[in-house]
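The values are calculated or read from the model by the stated rules, or taken from the named source; none is laboratory data. What you see is a predicted model; the values in this text were computed from it and never measured. Cβ placement follows ideal geometry from the backbone for every residue including glycine, while neighbour counts extend to all protein chains displayed. Just so you know, the surface numbers come from the protein's heavy atoms only, side chains and all, with ligands and any DNA or RNA stripped out. Shrake-Rupley method; radii C 1.70, N 1.55, O 1.52, S 1.80 Å.
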Amino acid sequence: MNRIAWLLAAGVAFAAQAQQPQRSTAEEIERYREALGEGNPAELWEARGEALWHQRRGPGNVSLEQCDLGLGPGVVKGAYTVLPRYFPDTDKVEDLESRLVTCMVKLQGFKLEEATKDPFGGPGKKVPMDAIVAYVTAQSRGMKMNVAATHPKEREAYELGRKIFFFRGGPHDFGCVTCHGDDNKRIRLQDLPNLTRTADAQHAYGTWPAYRVSQGEVRSFQWRLNDCFRQQRFPELRFTSPASIALTMFLAKNANGGTLDAPSIKR
Amino acid sequence: MNKSILAAAACVATAAGCAGTTAPPSSGPQVTTEQAIAVMKASFIEKGQAKLDRLDQDDVQKACSDRPPGTPLPKEVGQRIEKEQLASIRYPADGKLLGDWKRGEKIAQSGVGKQYTDDPKVVAGGNCYACHELTKKELAFGTIGPSLYNFGRKRGFTPENRKYAYAKVYNSEAFAACSNMPRFGHNGILSEEQIKDVVALLMDPESPVNQ
C-alpha cells in the first residue's frame, strides 16, 4: 500500500510541476518516469482488470476466461497486437473494446446497453472496461504490433479509417490530419506525432492505453479517439461505433512492426 | 505548396511507394466518400452544441479532405478556392480594422468555444497560441503555424497589411487553400469586434507582438 500511495503522491507533484512551461512536456514525463522507477499507476488498473477477467459476472454468472480476443478462446497474451480484426461469429471487424463488449453480451449475458453504458472512468467512478483493457493490453507489452488487415472487411475498415483520418469538417475545418499530418509540430507545449509516418505511428499507437497523470485515470484507445474528436469540435464519437473501429484499424495497421509499450504513462 | 510537390516527387522516386509513410495502397476495396460520411453519421452522437450537421462539408472542406501525403490539391482547384473565399470576406462597415491589442491577447490565449463540452453562451476564443508564437512573454506556444512575432514590424504598419491581417484571420483559405488555420470570421467563431482586436495584437505598434 505504501508504494501505491507514493505513486499517487508522485503523480500529484508531477501534475503541479507540469504547469510550468520552462521544461518541455517530454522532459517532464521523463523525470516522472525516473521518479517512479519501474512503477506505473496503471498497474492498479491491470490488477483490477485481471480479477475482473476471472470473476463470474453478469446474468450468466460466468467469467471472461473463454472470451476469444482473436487468438482463440481464453488467449490473452499477444491478443492486442492483432486487433482490430475480423471475427466470423459477429461477421464484424472489432477492436479490443468492441470485442470485450461482444464477450460481455455473448458469454456473460449483459444487455448491449449495460455493456456499453460506462465506457470511461472519471473522478470517483472506476469502470470495469478501463481495467480489463489495461489488463489485456499489458499482456502484450514488449510484443510487436501485427495487424493483418487482409480479410475484405478488414481492408474495407482500413480504407474507411483512412477516409476518416483525412476528413475535414466542423466550424474549425479540423480533421485528424490537421494536428497529426506533419513532422515535429507542437500544440502549445505538447508534441504531436505525425501519424502518416510509420515511426511516429508506431510510437503513438504503441503507447496507448496510458495512465494520464493529469487525469489520474487509465485511458483506452477508444477514449483517445473520443477526446480528439471533441477537440476537433465534432459531435461525440459513439463508443465502439463503426467509425471508431475503422479509424483504430487505420492507426493500428500503420503501427505494425512497432513494439507495444502499454499501458504507458502520459502527462 | 512546394513541400507537397517535393513529397509527391519523393513518392515517385521509390518504387514501392513512399518509404516510411502510410501512402495509399495501390489496390484494395474502394470506399467512397459518401459511404464514409454515412458511416460517420451513424457513429457520432449530437451532444451539447455539436450537432450532426457539423459532418456536412462545404466545398472547401470537401476539396481539402481525403488528401494523404503525395496527393496535393490540383493547382486550379486551389486557385478557385482562394478566389471564391477572398470574394466572400466581409470587412467592417465602419472601415476600422484596428481594435484593442490587450483584448486581442486574451482572445489569442483562450481556447474556449464550439466544443460540445463548452457552454455555447460563453464567448469563444481564437486559441492563436495553440499554433503560433506571438509575443516573447508567452513561452507555451505551438508550432503548427509560423511564428507571428514582430508581424507588423516586419511587414510595416500599413493600411494594406492591416487589411491583409483582418482578411487572413477572417478567412485563411482566401490566401492558402487547405490551410490548417480555421476561418474565424467566415465560420462565425470570432465576431467582427474580436477579429479587430486580434488585428490590433498583430498590427498595433504598441502590441507586445511588435516589441
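Worth a mention:
- Calculated on alpha-carbon atoms, Rg and Dmax of the stretch B:97-211 in Å: 13.2, 40
- The stretch between A:Lys144 and A:Gln190, if pulled fully straight at 0.36 nm per residue, gains 13.9 nm over its current Cα-Cα span.
- Averaged over peptide A:149-161, the number of partner chain Cβ atoms lying within 10 Å of each residue's Cβ comes to 3.
- Its Cα gyration tensor gives the stretch A:49-143 an equivalent ellipsoid, and the semi-axes of that ellipsoid, as √(5λ) in whole Å with the largest first, are 19, 16, 13.
- Normalised convex hull volume, the stretch B:32-99, alpha-carbon set, Å³ per residue: 176 Å³
- With all protein chains modelled, accessible area of A:His54 [1.4 Å, Å²]: 90 Å²
- Cut-off under 5 Å, modelled amide H: who pairs with A:Ser264 long-range: A:Ala210, A:Tyr211
- Hypothetical label at B:Ser88: residues of the stretch A:160-193 whose amide nitrogen lies under 19 Å (7 Å Cα-Cβ projection): A:167-175
- Inter-chain Cβ neighbour count for A:228-234, averaged per residue, equals 6 (cutoff 10 Å, partner chain atoms only).
- In Hz, Karplus ³J(HN,Hα) per residue of the stretch A:86-93 (6.51, -1.76, 1.60; θ = phi - 60°; x = Gly, Pro): 7, 10, x, 5, 9, 6, 9, 7
- Backbone HN-Hα couplings from phi across the stretch A:129-145 [Karplus 6.51/-1.76/1.60, Hz, Gly and Pro as x]: 4, 4, 5, 5, 4, 4, 4, 5, 5, 4, 6, 10, 4, x, 8, 8, 4
- Calculated log₁₀ intensity ratio I(q)/I(0) where the Debye formula runs over C-alpha points of the protein assembly as shown, q = 0.07, 0.08, 0.09 Å⁻¹: -0.40, -0.52, -0.66
- In this structure, the amide hydrogen of B:Lys47, modeled 1.01 Å from its nitrogen in the peptide plane, lies closer than 5 angstrom to those of A:Glu236, counting only residues at least 5 positions away or on a different chain.
- Largest to smallest principal axis extent of the C-alpha atoms in the stretch B:111-161, angstrom: 40, 27, 18
- Exercise: per-residue mean of other protein chain Cβ atoms within 10 Å, B:134-145: 4
- With coordinates expressed along the principal axes, the C-alpha atoms belonging to chain A extend over 53, 47, 34 Å, beginning with the largest.
- Test item: Cα-centred dipole of the stretch A:148-229, Lys/Arg +1 and Asp/Glu -1 on Cβ, debye: 60 debye
- Peptides A:114-125, A:182-193 ranked from most to least packed, by the mean per-residue count of other Cβ atoms within 10 Å: A:182-193, A:114-125.
- Selection among A:Gly124, A:Thr178, A:Ala243 by position relative to the dipole of the stretch A:121-267 gives A:Gly124 as farthest towards the positive end (Cβ unit charges, Cα centre).
- B:Ile37 accessible area, assembled protein chains, probe 1.4 Å, Å²: 40 Å²
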